[in-house]
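I'd like to ask you about the structure that follows.
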Amino acid sequence: MLKTSDEKYLRAIYSVSHSENKQKVSLSDLAYYLDLKPPTVLERLHVLQKEKFISYTKTEGVVLTKSGEKEALNVIRKHRVWETFLHKVCKFGWNEVHEMAEQLQNVNSEKLIDRIYTLSGEPKFDPHGDPIPDKSGKLPVSVRRPLLNSIEGCRCLVLGVNEDSAEFLNYLTDLNIGLNEKLSVEKVFGYDGSLKIKYKNSESVILSPKVAEKILVTCTKHGCACK
């Protein structure tokens with residue numbers, strides 16, 4: 001049975017490698033993601049390497065082994081199933097469920113995870129729009145791109161976010177923007193790339209590039225030229 005610290009590291013390695021499309025994760029990137037000092041992270045990496053969950057060298061960085069990726073996806077499944085259950089069944093906001101799921105994912109009961117997955121309606125995506133791996137580790141397909149890559153006139157649908165901090169989700173909640181929200185890009189400002197968007201038929205707001213990059217959408221307009 002994996003230790004809680006092992007689960008945390010494996011999920012972090014998987015998340016960093018996939019969010020930044022990196023096959024190999026550097027020690028500094030992992031330490032930054034975990035908000036830990038590099039020597040602390042390095043010590044744990046040596047343990048994970050002995051357990052054959054990762055391979056690591058200073059020059060090549062960290063790579064999950066086949067067994068390491070399997071365990072990482074299992075942890076991710078537990079975490080996202082808990083988030084979905086807390087949101088859909090317990091009615092917590094999408095800005096509240098991450099920290100709760102961090103604690104609950106340490107409960108190692110496959111039977112319990114299967115039960116709450118069923119009670120949640122067997123979802124394919126969590127409250128932040130992230131895909132939930134099935135029991136074999138297979139991820140459902142979702143075509144998502146950053147809102148920042150939109151052109152003027154684009155009509156799109158919010159499918160998720162790539163940051164689940166409470167501060168960011170609270171910000172979107174205050175703006176009344178959530179999953180499955182329909183957005184229309186009215187203007188792209190050439191000065192800094194900010195976007196003026198319209199939604200809920202009448203509300204409009206200007207989003208900074210930093211925010212627009214973290215909102216993941218798909219185009220709903222046929223033949224849209226967005227990247």
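Could you please tell me which pairs satisfy a Cβ distance under 6 Å, a separation of 6+ or placement on different chains, a first residue in region 1-16 that is more than 16 Å from residue 42 (Cβ to Cβ), and a second residue that is assigned to a helix (DSSP H, G or I) and among the β-branched types (Val, Ile, Thr)?
From residues that are more than 16 Å from residue 42 (Cβ to Cβ), the pairs are 7/75; 11/75; 11/76.
Just to be sure I understand, how many residues within region 146-177 are touching a Leu at 6+ places or on another chain (Cβ under 7 Å) and at pLDDT below 90?
1
Any residue at all in region 33-41 that's over 16 Å from the mean Cα position of the chain (by Cα), closer than 16 Å to residue 163 by Cβ and in a loop (DSSP other than H, G, I, E, B)?
The answer is yes; a qualifying residue exists.
Could you pull out every one of the strands (runs of 3 or more DSSP E) wholly within region 149-227 that has 1 or more residues that are free of Cβ contacts under 8 Å to residues at least 12 places away in the same chain?
Counting at least 1 such residues, we get 195-199.
Here's another thing I want to ask about it. Of everything in region 81-99, what is in a helix (DSSP H, G or I) and either assigned by TED's automatic domain parsing to the domain that holds residue 14 or farther than 22 Å from residue 29 by Cβ (or both)? Give them in sequence order.
Hits for region 81-99 are 81, 82, 83, 84, 85, 86, 87, 88, 97, 99.
Taking the options 63, 16, 75, 89, name whichever one is β-branched (Val, Ile, Thr), closer than 20 Å to residue 102 by Cβ and touching a strand residue (DSSP E or B) at 6+ places or on another chain (Cβ under 7 Å).
The match here is 16.
If you check residue 137 against the conditions, is it closer than 25 Å to residue 3 by Cβ, among the small types (Gly, Ala, Ser) and either assigned to a helix (DSSP H, G or I) or touching a residue at least 60 places away in the same chain (Cβ under 8 Å) (or both)?
yes
Can you name the number of the only condition in (1) in contact (Cβ under 8 Å) with a residue 40 or more places away in the chain; (2) out of contact with any helix residue (DSSP H, G or I) (no Cβ under 8 Å at 6 or more places or on another chain) that residue 111 fails?
(1)
Quick grid of which residues meet (1) in contact with a Ser or Thr (Cβ under 7 Å, 6 or more places away or on another chain); (2) at positive phi; (3) basic (Lys, Arg):
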{"position": "56", "(1), (2), (3)": "no, no, no"}
{"position": "63", "(1), (2), (3)": "yes, no, no"}
{"position": "80", "(1), (2), (3)": "no, no, yes"}
{"position": "92", "(1), (2), (3)": "no, no, no"}
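The values are calculated or read from the model by the stated rules, or taken from the named source; none is laboratory data. Just so it is clear, the model here is predicted, and its values are computed rather than measured. Note: ideal-geometry Cβ built from the backbone for every residue, glycine included; neighbour counts use all protein chains shown.
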